[in-house]
Amino acid sequence: MERCIIIYKRLYVLFAIPLLAIVAIAFYLGGTPIALVTLIVLLLLGISLFRYSPKILLRWYTCRETSPVKHKGIHDMISSLASEFSIPCPKTYLFDSSVPMVFTVGNAKRQSVIISEGALEILDEGELRAVMACEAAKISIGSVPVNSFVALVAGTIISFSNAAMWMSMLAGFGQENDAAPRLARFLAMGLVSLPAALTLHLFSVNSTLRSDELAARVMADSGQLTASLCRIDNYIKLHCTEYFNPGHVNLFMVNPLRVNDLFDVYSSMFMIRPALDERVRLLEQKYENN
């Protein structure tokens with residue numbers, strides 16, 4: 001209970017900063033009645049966004065719910081993990097991506113584990129169970145609701161850079177990978193990266209090491225967790241050409257962002273710690289001690 005209070009304090013601060021600033025401006029411009037109305041509207045809006053942030057993120061990735069018949073193995077796996085972690089069984093969804101990625105969104109009442117098609121193709125059964133155990137661990141820790149809301153806020157801020165790119169394309173400056181649209185997004189990223197990165201680093205809950213430890217405990221072969229982490233990271237380094245919203249990196253168990261050229265320089269602001277090498281080292285030390 002105490003840990004949940006500490007986690008949700010970050011959410012309260014995230015709500016309070018823009019709320020107090022806007023209410024103060026409303027009070028200055030319109031007095032107490034306008035400030036009170038503004039406060040009520042912002043509170044209702046904030047609560048609604050927090051409640052519906054998982055659904056918005058599911059739509060963001062065009063997720064589709066898994067079938068109990070076609071994906072029986074996934075349902076059996078998550079049901080078993082939910083029992084081991086003593087959590088309500090989350091729903092499972094699929095999204096189209098060749099990158100082996102698994103992450104979780106949710107609010108205080110319902111959690112959803114999202115699995116990429118690439119994860120089903122590239123990871124074997126043991127490795128898939130290991131990464132799903134990490135997601136179940138995050139649910140048990142209680143970090144998912146706050147991180148889902150933070151990802152929605154930061155991801156929305158970053159989306160303004162994509163809007164600049166699409167506007168340049170609609171204006172006739174080429175395709176997505178042409179110089180002019182990329183430059184438009186690069187310039188817009190210069191404006192939105194700092195507030196988005198600050199939102200992530202200040203308000204998201206980094207439960208990575210704790211979830212790694214809890215996941216390793218429930219694995220029959222705990223080495224499968226490090227194997228799956230390394231396989232995902234190697235795939236991203238060698239094959240990943242997909243765009244992932246930097247505002248969502250606090251959801252992913254392995255950061256898919258890479259700095260390959262000048263246009264990716266702002267990605268360095270979203271490199272959430274701890275690094276993969278440190279995670280693998282800590283896990284291997286724990287195996288040796290056991």
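General remarks:
- Each Cα pair under 8 Å and six or more residues apart adds its sequence gap; the mean of these over the residue count of the chain is a relative contact order of 17 percent.
- Averaging 1/r over each pair of different alpha-carbon atoms in the chain and inverting the result gives 20.3 Å, the Kirkwood hydrodynamic radius.
- Cut-off under 5 Å, modelled amide H: who pairs with residue 111 long-range: 91
- Unsatisfied cross-links (Cα-Cα over 18 Å) in the set 72/138; 237/286; 72/109; 55/109: 72/138; 237/286; 72/109
- Overall, the anisotropy analysis places the range 67-112 in the oblate class: the square-rooted eigenvalues a ≥ b ≥ c of its C-alpha gyration tensor yield a/c not less than 1.5, with a/b not exceeding b/c.
- Near residue 102: Cβ cut-off under 12 Å, other residues only, Lys/Arg at +1 and Asp/Glu at -1. The net charge is -1.
- According to the Cα-based calculation, Rg over Rh for the range 15-164 is 1.10, with Rh computed by the Kirkwood formula.
- Per residue accessible area in Å² of the chain, where ligands, DNA and RNA are left out and the probe is 1.4 Å: 52
- Among 23, 102, 131, residue whose mean-square fluctuation peaks in a GNM of the chain (springs only between Cα atoms under 10 Å): 23
- Note on residue 67 and residue 37: with the Förster distance fixed at 41 Å, the Cβ-Cβ geometry gives a FRET efficiency of about 0.30.
- Amide H contacts under 5 Å for residue 253: 102, restricted to partners 5 or more places along the chain or on a different chain, H placed in the peptide plane at 1.01 Å from N.
- Net charge dipole size for the chain [Lys, Arg +1 and Asp, Glu -1 on Cβ; Debye, nearest 20]: 980
- Accessible-area composition of the chain, carbon plus sulfur, in percent [1.4 Å probe]: 61
- Rounded FRET efficiency, nearest 0.05, which uses the C-beta distance separating residue 260 from residue 281 and R0 of 35 Å: 0.85
- Ordering 274-285, 132-143 by mean Cβ neighbour count within 10 Å, with the highest value first, yields 132-143, 274-285.
The values are calculated or read from the model by the stated rules, or taken from the named source; none is laboratory data. All values reported here derive from a predicted model rather than from experimental measurement. Every residue, glycine among them, receives a Cβ derived from its backbone with ideal geometry; neighbour counts consider all protein chains shown. SASA here: full protein model, heavy atoms, side chains in, ligands and nucleic acids out. Shrake-Rupley method; radii C 1.70, N 1.55, O 1.52, S 1.80 Å.
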